Amino acid sequence: MNTFAPVVRSSVAAAVFEQILGRILDGSLDPGSALPSERALTLELGVTRQVVREALQRLDQLGLVEIRHGGGTRVLDYRDAAGLDLLPRLFRRADGSLDAEVVRSVMEMRQAVGADAAALCALRLADTAGLRRAVAEGAGRGHDLESVFWDLIVDGSQNICYRLSLNALRQAYAPAAALVADVLADEITAVRRYEDVIAAIEARDPERARAAAGELLGLGTAAITAFLEGR
């Protein structure tokens, strides 16, 4: 195992957390492997045991390690143990480049969640005035329309899991938000397609709403895929 570098940043617990996190995500620390003991880490990193414990607890909360009291700390496979909170960490690689597989996965999930949420709105949303207003006021200001519209759709679905998923997806691509908005131009300016989603919801037709929302969001998924393949 490679040794850790002494920490010199002012927020030492965060620095320890980031250093171990980076080793887990880049594969330097294999799933199932044991981290050095707390005592060994304090010496190697040049920090106090309390700092090490705080960092390990954060890693444990993310599902990246398992702390076994009296039995050391074991690295977990984040694909099996972590949740959506980890997505923002995966969107970019350690060198700052976009991880194409993760970006594609985010867009596919965005499309699936949006389509299902629209279908639920057709069953549960009593008033589409907010959606109509979002389209009327957001036309020509694409990203504003996209953000407000899908907030209303997901909230209208009355599904807290979809709401939290949307939050996580947005946090994931926040560091590249300007690039994403540029690539999604065809989707976020397709005003007629937004109106198609609303019309299906007003008609109380879940499958039509699902299809309309899926087609709209599919424009963005296709654009991002083409962008990544063309890099």
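The values are calculated or read from the model by the stated rules, or taken from the named source; none is laboratory data. Keep in mind that this is a model prediction, so the values were computed, not measured. Glycine gets a Cβ as well: all are built from the backbone with ideal geometry, and neighbour counts include every protein chain shown. For the accessible areas, the whole protein counts, side chains as well, though only heavy atoms, and no ligand, DNA or RNA atoms are used. Shrake-Rupley method; radii C 1.70, N 1.55, O 1.52, S 1.80 Å.
Observations on the structure shown:
- Across segment 68-96, the qualifying residues are those that are over 16 Å from the mean Cα position of the chain (by Cα) and more than 18 Å from GLU18 (Cβ to Cβ), and the one among them that is surrounded by the fewest Cβ atoms within 10 Å (Cβ to Cβ) is GLY70.
- Residue match in segment 53-66 (condition: in a loop (DSSP other than H, G, I, E, B) and either acidic (Asp, Glu) or open to solvent by 20 Å² or more (accessible area, probe 1.4 Å) (or both)): yes
- Criterion violated by PRO206 - all others in (1) at pLDDT below 90; (2) more than 24 Å from the chain's Cα centre (by Cα); (3) buried (at least 17 other Cβ atoms within 10 Å of the Cβ) satisfied: (1)
- Hey, ALA176 in contact with a Leu (Cβ under 7 Å, 6 or more places away or on another chain), part of a helix (DSSP H, G or I), in contact (Cβ under 8 Å) with a residue 60 or more places away in the chain and surrounded by fewer than 16 Cβ atoms within 10 Å (Cβ to Cβ) or not: yes
- Residue in segment 149-159 that is of a type in the set (Ser, Thr, Tyr), touching a residue at least 40 places away in the same chain (Cβ under 8 Å), assigned to a helix (DSSP H, G or I) and open to solvent by less than 20 Å² (accessible area, probe 1.4 Å) present: no
- Checklist (1) in contact with a helix residue (DSSP H, G or I) (Cβ under 7 Å, 6 or more places away or on another chain); (2) without any contact (Cβ under 8 Å) to a residue 24 or more places away in the chain; (3) among the small types (Gly, Ala, Ser) applied to ALA168, failing item: (2)
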